[in-house]
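Q: Please read through the structure below; I'll follow up with questions.
The values are calculated or read from the model by the stated rules, or taken from the named source; none is laboratory data. Only a predicted model underlies this, so the values are computations on that prediction, with no experimental measurement involved. Cβ coordinates were reconstructed from backbone atoms using ideal geometry, including for glycine residues, and neighbour counts include every protein chain displayed.
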Amino acid sequence: MVHFEPIGPTLKPDTKDDSHGVYSGSAFEYNQHLYYMYTANHRDKDWARSSSQHIAKVDADGKVEKFPKAVIAEPPAGYTQHFRDPKVFTKDGVYYAIIAAQNDLEQGRVLQYRSNDIVNWEFQGEIETKLDEFGYMWECPDYFNLNGYDILMFCPQGLASKGEHFKNIYQSGYIMGQYDIDNLTMNHGDFHELDHGFDFYAPQTFIDEQGRRILIGWMGLPDTNYPSDEDGWAHCLTIPRVLTIEEGKLKQRPIPALESLRTNEETALGYANKFPRQLHPYEGTQYELIIDILENDATAIYFELRTSKQHSTLITYDTKSRTLTLDRSESGLLPDPVEGTTRTTTLSQDLTQLRIYVDTSSVEIFCNNGESVLTSRIFTDENATGIKTSTESGQAYLRFTKYDLKDDK
């Protein structure tokens, strides 16, 4: 999950049902073959939407063959045509599909189907949660069990921002507890956001060959214009993240295999004070940076990434409140529409480490060994390569460890 090669589109909108888009779904194994289940989107002459769920089989040589007709032709009664993003999983030999939906009251929901042969699917009903009024649509659901906890992930649309939460146009998060798959009841706690940055959406997970639960998300948001659109380039994906549950919450860490990309290690120790400085003449546009906070007597610590005379991407840690804020107001070109230019997360413990992956137009910030993550796009100029640190008042003793990342070619 470090080296990838493009193989082109594998599912194309070449039928009436998917004339207006092959929408997202999931891959799964059945009888030792790979299959895709996905949403086909069709619009009529009046632009009315029709959504159906389809399956395609992948041959050993990679050829994809769509099933001749939809396996779920329409949403059940009581739900609108906002019916998409099937996630398939198995339990006790039975195949289940959870599908994002909107009921006739325009409330987001997740529906569950089951099948023994992946062709005939029985509608079981709506997953019952404690979130009756929680947005007008829930997209991209995912379900899995991790360390004895059942987790339902989804992307609610239509939530009003609340303090530092729900600041993006659409959200991504999860509820955790115990799920009764037969009675479709989820006994759960609060909804938690998966990421606190500007650009994270539609995450999906899978089990790798080592039995780890891996998450990859879309580093972008729908209904948002990005500077790279003019170049015909739409979004990118996050680095793969290993999920664990610790102290009753989900943690995300970069997959260890990414360390194979490290080269040119540089380490520096030093004090940060109110005068911006470089601990070392670090430069770069593609790197991994680990910042260890060894001592902290500062009221706030500032870390500037991708700096130049004109640009800077600023991370601020407020010691008293334990809040970490990402500010891209001076990063360069900005997506639009986006609420504000800062995103904030509050940590449960004092900040001791940041692990940051910086690429040409992205930054992924992992706080305190995966307690909180901020993922964002930045569109700065190629000369913005500096790394600086300072404090509001007082000083902090820091260790910077920087690795260049080998180009994946």
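Q: State whether one or more residues within the stretch 261-272 are over 20 Å from Val363 (Cα atoms), under 25 Å from the mean Cα position of the chain (by Cα) and surrounded by 15 or more Cβ atoms within 10 Å (Cβ to Cβ).
A: Checked against the condition, which is being over 20 Å from Val363 (Cα atoms), under 25 Å from the mean Cα position of the chain (by Cα) and surrounded by 15 or more Cβ atoms within 10 Å (Cβ to Cβ), the stretch 261-272 yields no hits at all.
Q: Take Ala202 and tell me if it is of a type in the set (A, V, I, L, M) and part of a loop (DSSP other than H, G, I, E, B).
A: Taking the combined requirement at face value, the residue does not satisfy it.
Q: Could you go through the stretch 391-398 and let me know if any residue there is among the acidic types (Asp, Glu), touching a residue at least 60 places away in the same chain (Cβ under 8 Å), in contact with a His (Cβ under 6 Å, 6 or more places away or on another chain) and not in a strand (DSSP E or B).
A: Within the stretch 391-398 (the criterion being among the acidic types (Asp, Glu), touching a residue at least 60 places away in the same chain (Cβ under 8 Å), in contact with a His (Cβ under 6 Å, 6 or more places away or on another chain) and not in a strand (DSSP E or B)), the answer is no, since none of the residues qualifies.
Q: Give just the number: which of (1) under 27 Å from the mean Cα position of the chain (by Cα); (2) under 20 Å from Gln102 (Cα atoms) does Ala73 not satisfy?
A: (1)
Q: (1) under 30 Å from Phe89 (Cα atoms); (2) surrounded by 13 or more Cβ atoms within 10 Å (Cβ to Cβ); (3) more than 15 Å from the chain's Cα centre (by Cα): which one isn't true of Thr224, the others all being true?
A: Going through the list (1) under 30 Å from Phe89 (Cα atoms); (2) surrounded by 13 or more Cβ atoms within 10 Å (Cβ to Cβ); (3) more than 15 Å from the chain's Cα centre (by Cα), Thr224 breaks only (1).
Q: Test each condition in (1) within 22 Å of the chain's Cα centre (by Cα); (2) crowded, with 20+ Cβ neighbours inside 10 Å; (3) under 13 Å from Leu314 (Cα atoms) for Ile387 and report the one that comes out false.
A: Checking Ile387 against (1) within 22 Å of the chain's Cα centre (by Cα); (2) crowded, with 20+ Cβ neighbours inside 10 Å; (3) under 13 Å from Leu314 (Cα atoms), the one that fails is (1).
Q: Follow-up. I'm told Leu279 meets every condition in (1) closer than 26 Å to Pro240 by Cα; (2) crowded, with 17+ Cβ neighbours inside 10 Å; (3) in contact (Cβ under 8 Å) with a residue 60 or more places away in the chain except one. Can you identify the failing condition by its number?
A: Single failed check for Leu279: (1).
Q: Of all residues in the stretch 3-21, which are surrounded by 14 or more Cβ atoms within 10 Å (Cβ to Cβ) and touching an Asp or Glu at 6+ places or on another chain (Cβ under 9 Å)?
A: Result: Leu11, single match.
Q: List, please: which pairs have Cβ atoms under 6 Å, are six or more places apart or on different chains, and start with a residue in the stretch 124-148 that is in the same structural domain as Phe89 (by TED's automatic domain parsing) and under 15 Å from Ile181 (Cβ atoms) and end with one that is part of a loop (DSSP other than H, G, I, E, B) and at pLDDT 95 or above?
A: If the second residue must be part of a loop (DSSP other than H, G, I, E, B) and at pLDDT 95 or above, the pairs left are Gly125/Leu184; Ile127/Leu184; Glu128/Leu184.
Q: Can you name every one of the strands (runs of 3 or more DSSP E) wholly within the stretch 237-312 that holds 1 or more residues which are hydrophobic (A, V, I, L, M, F, W, C) and not assigned by TED's automatic domain parsing to the domain that holds Leu354?
A: In the stretch 237-312, 241-246, 249-254 are the strands (runs of 3 or more DSSP E) which contain 1 or more residues that are hydrophobic (A, V, I, L, M, F, W, C) and not assigned by TED's automatic domain parsing to the domain that holds Leu354.
Q: Let me ask something additional. When you scan the stretch 235-254, do you find a residue that is more than 22 Å from the chain's Cα centre (by Cα) and either surrounded by 19 or more Cβ atoms within 10 Å (Cβ to Cβ) or not hydrophobic (A, V, I, L, M, F, W, C) (or both), even just one?
A: Scanning the stretch 235-254, I find no residue that is more than 22 Å from the chain's Cα centre (by Cα) and either surrounded by 19 or more Cβ atoms within 10 Å (Cβ to Cβ) or not hydrophobic (A, V, I, L, M, F, W, C) (or both), so the answer is no.
Q: If you check Thr323 against the conditions, is it assigned by TED's automatic domain parsing to the domain that holds Val363, more than 30 Å from Phe206 (Cβ to Cβ), buried (at least 19 other Cβ atoms within 10 Å of the Cβ) and touching a strand residue (DSSP E or B) at 6+ places or on another chain (Cβ under 6 Å)?
A: no
Q: For Asp142, are the conditions met, namely being of a type in the set (Asp, Glu), in contact with a strand residue (DSSP E or B) (Cβ under 6 Å, 6 or more places away or on another chain) and buried (at least 19 other Cβ atoms within 10 Å of the Cβ)?
A: yes
Q: Hey, another quick one. Which of the residues that make up the stretch 369-384 are part of a loop (DSSP other than H, G, I, E, B), surrounded by 17 or more Cβ atoms within 10 Å (Cβ to Cβ) and of a type outside the set (Ser, Thr, Tyr)?
A: Gly370, Glu371, Ile378, Ala384
Q: Sticking with this structure for a sec: Hey, among Leu184, Leu159, which residue is surrounded by fewer than 18 Cβ atoms within 10 Å (Cβ to Cβ) and over 11 Å from the mean Cα position of the chain (by Cα)?
A: It is Leu184.
Q: Out of Gly232, Gly217, Gly211, report the one residue that is outside the structural domain of Asn147 (by TED's automatic domain parsing), within 24 Å of Ser24 (Cβ to Cβ) and out of contact with any strand residue (DSSP E or B) (no Cβ under 8 Å at 6 or more places or on another chain).
A: Gly232
Q: For Phe144, state whether it is touching a Lys or Arg at 6+ places or on another chain (Cβ under 9 Å) and aromatic (Phe, Trp, Tyr).
A: It is true that Phe144 is touching a Lys or Arg at 6+ places or on another chain (Cβ under 9 Å) and aromatic (Phe, Trp, Tyr).
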